[in-house]
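Working notes, structure below.
Read-outs: derived from the displayed coordinates by stated rules, not from any lab. It should be emphasised that the depicted structure is a prediction, and the values quoted were computed from it without experimental measurement. For neighbour counting, all protein chains shown are included, and Cβ atoms are generated from backbone atoms with ideal geometry for every residue, glycine included.
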Amino acid sequence: MSHTTGPTRSARHAAPLVLALGIALLSGCSGDEGATDAAASSSAPSSSAATSSAEASTPASSAPASSGPAEAESETVAVTEGEMFIELSEDSFNAGTYTFEVTNTGSMRHDFVVEQNGEDVANTDVLQPGESTTLEVDLTPGEYVFYCSVGAHRAAGMEVPVTVA
Ligand SMILES: [Cu+2]
């Protein structure tokens, strides 16, 4: 009878080195200038809720890729539609809840449809020229296409492929 020896437990427990990278990208707010960075005692981004108020719709144009997941909050994305394009104020999407503010700036009717992995998951009503509306969508990781379903607009260019990380 063979008898195996008991497993030796090598409980290595290396304490993870936590690097607190406080990258505060303060895009210039309109109005109050000359606000110096008061990096006084804001440390420890622990599990407590980082309350960032001010749901200001600041379309940060081409912001650098933010490293690391931010807090899960609803984000507002401006969607501008016209003949024959769809323009987004955001070009990088992480999983979470988004509020799309869709504005039809064209002279034709357009709508806004969110397609995930080939299936429509949300859409607005058809917007008349000059109309706007909002659409709240929970984005999960995957491949999306934002498009207009009116006529042959999608084939004419009204589609934007989006990858949600
Ligand atoms: Cu359209």
Could you estimate the translational diffusion coefficient of segment 87-165 from the Stokes-Einstein equation, with Rh from the Kirkwood formula over C-alpha pairs, at 4 °C and 1.567 mPa s, in whole µm²/s? 102
Taking the Cβ of Val126 as the centre, find all other residues whose Cβ is under 13 Å away and add up their charges (Lys, Arg: +1; Asp, Glu: -1). -3
